[in-house]
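Structure first, then comments.
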Amino acid sequence: MRRDTMTTTTHQRTTILEVAREAGASKTSVSRYFSDERERLSPSMQTRIAAAARRLGYRPNQMARSLKGGHSGLIGMLVADIRNPFSVAVMHGVEQACRERGLSLMVCNTDNDPAQEREHLALLASYQVEGLVINAAGSPDRELQALVEEGIPLVLLDRELSDVGAEVVGLDNARAIDLALDHLQAQGYGDLLYLSEPPEQASPRQVRLTRFLQGVAALGLAGEVHCQPLMERDALQRAIGDFLARPGTLPRALLCANGNATLAATRALQALGARLGETGLMGIDELDWCELVTPGITTLAQPTAAIGRAAVACLMRRREADDRTTPARRVHFQASLIPRGSTRG
């Protein structure tokens with residue numbers, strides 16, 4: 001009886017020793033060819049090694065080479081919520097800036113979970129990243145300060161941590177709220193409802209909320225606040241409905257603290273049958289869909305690409321200076337008003 005057999009071929013990564021044998025060269029010569037010492041080899045030796053590597057399909061392990069030389073070529077980025085449009089847009093700016101400098105970006109998403117955040121920080125540190133861009137979910141002050149003391153450059157993105165000696169790059173949040181209130185008042189709205197996610201764990205939310213309360217008082221506007229998790233849609237719709245139904249003659253508007261709040265408010269207003277413009281709606285963060293919702297939603301756009309690029313520039317400056325005594329800077333960008341029909345007044 002004939003018995004058929006099946007053989008399984010395992011494809012392993014070609015090694016530098018195999019390339020050396022194929023080229024009739026030493027392992028040291030091949031290592032030099034794939035490093036900064038290539039010019040030490042004769043032209044004929046370089047040709048033989050290149051041909052051997054091509055025939056065998058050899059690819060040098062860039063990570064191992066970088067670590068051996070003391071540089072990983074990696075920048076780590078910790079994102080609180082990768083579903084947030086702001087995070088995605090800034091990440092694009094960070095990635096572009098890294099690519100232009102010959103660096104690679106490693107991104108970890110914490111889903112706003114402080115425990116996950118600590119695990120990801122340990123992971124990124126184990127890869128010997130050359131710098132970290134941190135959009136904090138919790139308060140990892142101790143862990144981050146330990147990394148600073150190890151000489152790893154840090155940049156805090158958008159959210160500040162008081163006990164960490166790191167640069168901070170983000171929006172001028174107080175000025176953004178001033179700009180929003182000035183616009184809404186100029187459009188005739190005198191009674192405002194401010195919508196935000198809970199501010200406790202995010203410094204930008206705290207600054208925006210405080211500035212809103214100060215601003216409505218200074219401008220003589222009526223104002224109230226609804227700060228709840230935006231996933232609680234029924235509670236949000238009730239709060240907006242109560243705001244619109246209460247007695248009063250002043251034109252009313254909603255001011256949304258970020259893109260997630262703008263989306264939630266838009267859904268609630270549509271469910272309530274409110275007409276945008278008659279009821280004002282304005283959001284911080286420009287989102288692609290804002291111009292598509294009739295008659296268009298007024299926003300304050302953040303320069304996300306510039307913020308991402310500035311974060312990498314700050315990292316490189318701190319890395320090259322190698323000076324932990326240099327005071328950490330605050331780099332604040334200004335929002336741009338994009339007026340549309342939702343604040344027609």
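Values in this text are rule-based calculations from the coordinates and carry no lab data. Everything numeric in this text was worked out from a predicted model, so none of it was measured. Glycine gets a Cβ as well: all are built from the backbone with ideal geometry, and neighbour counts include every protein chain shown.
Tell me the mean residue ellipticity at 222 nm calculated for the chain from its helices only (DSSP H runs of n ≥ 4, each -39500 (n - 2.57), averaged over every residue, nearest 500).
Calculated from helices alone, the mean residue ellipticity at 222 nm is -13500 deg cm²/dmol.
Between residue 275 and residue 50, what length comes free when the chain is fully extended (0.36 nm per residue of separation minus the Cα-Cα distance, one decimal in nm)?
Taking residue 275 through residue 50 to full extension adds about 74.1 nm, to one decimal.
So what's the angle, to the nearest 10 degrees on a 0 to 90 scale, between helix 114-126 and the longest Cα principal axis of the chain?
Approximately 30 degrees, to the nearest 10.
Where does the charge balance sit around residue 236 when Lys and Arg score +1, Asp and Glu -1, over other residues with C-beta under 13 Å from its C-beta?
In short, -1.
Considering all alpha-carbon pairs of region 172-237, what whole percent are spaced by more than 19 angstrom?
Value for region 172-237: 34 percent of Cα pairs lie more than 19 Å apart.
Please give me, ordered by residue number, the GluC sites (Glu not before Pro) of region 172-270 that lie in loop per DSSP and have at most 14 other Cβ atoms within 10 Å.
Taking region 172-270 and a limit of 14 other Cβ atoms within 10 Å, the loop GluC sites (Glu not before Pro) found are 200, 232.
Pick the calculated Rg/Rh (Cα atoms, Kirkwood Rh) for this structure from [x] 0.94; [y] 0.97; [z] 1.16?
Evaluating Rg/Rh (Cα atoms, Kirkwood Rh) on these atoms matches [z].
Which residue, 218, 310, 174, has the most motion in a Gaussian network model of the chain that connects Cα atoms within less than 10 Å?
Highest fluctuation among the options: 218.
Note down the relative contact order for region 177-304 as a percent, whole number, built from C-alpha pairs under 8 angstrom at least six residues apart.
That works out to 26 percent.
Taking the Cα centre as origin and putting +1 on Lys and Arg beta-carbons and -1 on Asp and Glu beta-carbons, what dipole magnitude results for region 16-60, to the nearest 20 debye?
120 debye
How many angstrom separate the Cα center of region 184-222 from the Cα center of region 252-318?
15 Å
Using only Cα atoms, figure out Rg for region 16-60 and give it as a multiple of 2.2 N^0.38 Å.
So region 16-60 has a normalised radius of gyration of 0.96.
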